[in-house]
Amino acid sequence: MATPKNRSVLKAFAMLKSFHGPDEWVTSCELSRRAGLPQASGYRLIQTMEQIGAVVRGPRGRYRPGMLLVSLSRNVAIGELLQDASHDIILALAERFNVTVHIGVLEGSMVTYVAKVSTPTSFPTHTRVGAQLEPYCSALGKVLLAALPREQLEGFMMEGELIALTPYTIADPVLLGAEIERVRAQGFALDQREHKADMSCVAVAIRDAEGRVVAAISITDQADRMTSARQGQLHEALLEAADALGQKIYPVLPMVNGALHAPTAPDVHRGI
């Protein structure tokens, strides 16, 4: 017999997830409406969450997320979490296609590898977890750049010179901007001999429950093997792996009062 779920916990998290942003002030009635809860139940929950610091009460009886959530978030290391949660998923992907699989996050203006799996006979890549690389010349980096707000992307473009690592590297800011737009539109990125002349990669985004890009996952293989047909096959496999990992790290809340309380993420096939 399954252990009964604590409905109060589910309702409390449904209300917390109903905030649209960290700076939004919302009434208890509006939070209850968004969470699909009766106003009386929502009010009792919000009072309890205020007492423990999960929310803060401001002017005119409005609330915003509190410092308890900030302090709890400090206990979550996204890189280590992705590495541990992804291992079985990316190992299966690497073994299925005999390739190297990377997961990366954007830290400042650099991509940091947080996970890597390869097979004994896959194309060798001289990378390691914790290492960093410029985002403009990798499929991982292009996916992460495409997820940035446009003003942040423009800031990155103006930071410094784009160095051509191979004859295929996109080192012109105008051409790179057009490439990032393509990545946004198509929902995946390619590195076609841009980081190393004998290597190609395909990458897609890993998203949280609200559809925000939190990381990227890529497959690396020898450039001569990366035909259009293989790119398509790897792209589809990456989408499945990214979706499985996203659901593992950001599970959808169970039913509360007959409704699901996690926003629907955008279709990853429709762009970054």
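The values are calculated or read from the model by the stated rules, or taken from the named source; none is laboratory data. The structure presented is a predicted model; accordingly, all values stated were derived computationally and were not measured. No Cβ is skipped: glycine too gets one built from the backbone with ideal geometry, and neighbour counts run over all protein chains shown.
The number of residues in the stretch 62-96 being modelled with pLDDT of 90 or more and either surrounded by fewer than 18 Cβ atoms within 10 Å (Cβ to Cβ) or under 18 Å from V213 (Cβ atoms) (or both) comes to 10.
Here is a yes/no grid of residues against (1) assigned by TED's automatic domain parsing to the domain that holds A92; (2) part of a loop (DSSP other than H, G, I, E, B); (3) under 13 Å from the mean Cα position of the chain (by Cα); (4) modelled with pLDDT of 95 or more:
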{"position": "V204", "(1), (2), (3), (4)": "yes, no, yes, yes"}
{"position": "A215", "(1), (2), (3), (4)": "yes, no, yes, no"}
{"position": "Q231", "(1), (2), (3), (4)": "yes, no, no, no"}
{"position": "L234", "(1), (2), (3), (4)": "yes, no, no, yes"}
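When you scan the stretch 21-33, do you find a residue that is assigned to a helix (DSSP H, G or I), within 29 Å of the chain's Cα centre (by Cα), outside the structural domain of A215 (by TED's automatic domain parsing) and aliphatic (A, V, I, L, M), even just one? Yes, the conditions are met somewhere in the stretch 21-33. May I ask you to verify whether M49 is touching a strand residue (DSSP E or B) at 6+ places or on another chain (Cβ under 8 Å) and surrounded by 13 or more Cβ atoms within 10 Å (Cβ to Cβ)? Answer is yes for this residue.
What strands (runs of 3 or more DSSP E), lying completely within the stretch 100-192, carry at least 2 residues that are in contact with a Gly (Cβ under 7 Å, 6 or more places away or on another chain)? Show your work before the answer.
Numbers: elements: 100-107, 110-117, 189-192.
Answer list for the stretch 100-192: 110-117.
Got a number for residues in the stretch 141-163 being closer than 13 Å to R184 by Cα and not basic (K, R)? Break it down stepwise before answering.
Going through the stretch 141-163, the residues closer than 13 Å to R184 by Cα turn out to be 141-150, 153.
Keeping just the survivors that are not basic (K, R) gives 141, 143-149, 153.
Number satisfying all stated conditions: 9.
Go through V174, V183 for me and flag whichever is in the same structural domain as D224 (by TED's automatic domain parsing) and crowded, with 17+ Cβ neighbours inside 10 Å. It would help to see each step written out before you state the result.
Working: V174 fails: crowded, with 17+ Cβ neighbours inside 10 Å.
After applying the criteria, what remains is V183.
Please work out if E210 is assigned to a loop (DSSP other than H, G, I, E, B), assigned by TED's automatic domain parsing to the domain that holds C137 and either among the charged types (D, E, K, R) or free of Cβ contacts under 8 Å to residues at least 12 places away in the same chain (or both).
Details: assigned to a loop (DSSP other than H, G, I, E, B): yes; assigned by TED's automatic domain parsing to the domain that holds C137: yes; either among the charged types (D, E, K, R) or free of Cβ contacts under 8 Å to residues at least 12 places away in the same chain (or both): yes.
So E210 passes the test.
Selection within the stretch 198-245: residues that are small (G, A, S) and in contact with an Asp or Glu (Cβ under 7 Å, 6 or more places away or on another chain). The member of this set that is farthest from I180 (Cα to Cα) is A223. Consider Q186 carefully, then state whether it is of a type outside the set (F, W, Y) and over 21 Å from G246 (Cβ atoms). For Q186, the condition - of a type outside the set (F, W, Y) and over 21 Å from G246 (Cβ atoms) - is not met.
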